[in-house]
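Step one of this worksheet: look at the structure below.
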Amino acid sequence: MVKSKINPILTLDYMVREPENKYFDRKSAKIKPSDLAPLISAFANAEGGTIVIGINDKILEIEGVLAAGADRLNDFINAAKDYCKPMPKNEYEYLDVVNGKGLQDKLLLIHIFPPQEQIIQTRKDETWLRIGDRTKEVEGLDLRNLEYSKTREDLKMNV
């Protein structure tokens, strides 16, 4: 059975069939690596989550990532470092799959872990939050409340 070693709930069946949610999003390998920044920020500022790259999120077909090439795969893997500040804790893994054309391929899973004490922004100074299956930009008073909640968590941990 194809499933994540880091988050065993993420089986191939789950990743293809389940609706996106607070902890899970799927993206085509055709996405620009920089376009992952809001999603990475959102998961990191919420409770963490996993981005599955290689499943077309419109038609729910396994495309795989091998056709993207090694340079692009490295760009996906480095997206948290290259497009977010500070870099959130993250891990990646590949899963062997058969793509929609019947060829051996891989999915790339990027697991984003939530920081306890800091807000994760994009390089464009945007702050995002995962709410249900949506990725929403946080501004103004909502941003201050999020910052406050992070400092409160930090104080609780240091007591």
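Using a Gaussian network model of the chain with C-alpha springs under 10 Å, which one of Val65, Val16, Val98 is most mobile by mean-square fluctuation? Of Val65, Val16, Val98, the most mobile in the Gaussian network model is Val98. Calculated mean residue ellipticity, 222 nm, the chain: -8500 deg cm²/dmol, from DSSP H runs (n ≥ 4) at -39500 (n - 2.57) each, averaged per residue and rounded to 500. Computing semi-axes √(5λ) of the Cα gyration tensor in Å directly from the structure and comparing it against (1) 29, 16, 14; (2) 25, 17, 15; (3) 35, 17, 15 singles out (1). Once the 1.4 Å probe is applied to the protein heavy atoms, the chain comes out at 56 Å² accessible per residue. Using the Cβ-Cβ distance between Phe113 and Ala67 with R0 set to 30 Å, the FRET efficiency works out to roughly 0.55. Which of the three applies to the stretch 91-153, rounded, prolate or oblate, going by the alpha-carbon gyration tensor with a ≥ b ≥ c and a/c under 1.5 meaning rounded? Judged from the Cα gyration tensor, the stretch 91-153 comes out prolate (a/c at least 1.5, a/b above b/c). Of the GluC sites (Glu not before Pro) in the stretch 67-120, the ones in a loop by DSSP (not H, G, I, E or B) with at most 16 other beta carbons within 10 Å are Glu117. Loop-located trypsin sites (Lys or Arg not before Pro) across the stretch 49-99 with a Cβ neighbour count of 12 or fewer within 10 Å are Lys58, with loop assigned by DSSP.
Treating r as the C-beta distance of Val16 and Lys89 and R0 as 22 Å, the FRET efficiency rounds to 0.25. Around the Cα centre of the chain, unit charges on the Cβ atoms of Lys, Arg, Asp and Glu (plus for the first two, minus for the last two) sum to a dipole of about 40 debye. From the Cα gyration tensor of the stretch 38-79, with a ≥ b ≥ c the square roots of its eigenvalues, which class applies: rounded if a/c is under 1.5, or else prolate if a/b is larger than b/c, or else oblate? Taking the square roots of the gyration eigenvalues as a ≥ b ≥ c, the stretch 38-79 is oblate. Within the shell defined by Cβ-Cβ distances under 10 Å, the residues around Leu107 carry a net charge of -2, with Lys and Arg each +1 and Asp and Glu each -1.
Indicate the gyration tensor shape class of the stretch 22-111 (rounded, prolate or oblate), computed on the Cα atoms with a ≥ b ≥ c the square roots of the eigenvalues: a/c under 1.5 is rounded; otherwise a/b larger than b/c is prolate and the rest oblate. It comes out prolate by the Cα gyration axes.
Counted residue by residue at 0.36 nm each, then reduced by the alpha carbon distance between them, the extension gain from Arg123 to Lys136 reaches 3.1 nm.
Solvent-accessible area of Tyr83, all protein chains in place: 70 Å² (probe radius 1.4 Å, heavy atoms, ligands and nucleic acids excluded). Once R0 is set to 30 Å, what does the formula 1/(1 + (r/R0)^6) return for the Cβ-Cβ distance between Asp57 and Val98, expressed as a FRET efficiency to the nearest 0.05? E between Asp57 and Val98, to the nearest 0.05, is 0.95. Using C-alpha pairs under 8 Å with a sequence gap of at least 6, the mean separation divided by the residue count of the chain gives a relative contact order of 26 percent.
The values are calculated or read from the model by the stated rules, or taken from the named source; none is laboratory data. Owing to the predicted nature of the structure, the values given are computational and were not obtained by experimental measurement. Every residue, glycine among them, receives a Cβ derived from its backbone with ideal geometry; neighbour counts consider all protein chains shown. Just so you know, the surface numbers come from the protein's heavy atoms only, side chains and all, with ligands and any DNA or RNA stripped out. Shrake-Rupley method; radii C 1.70, N 1.55, O 1.52, S 1.80 Å.
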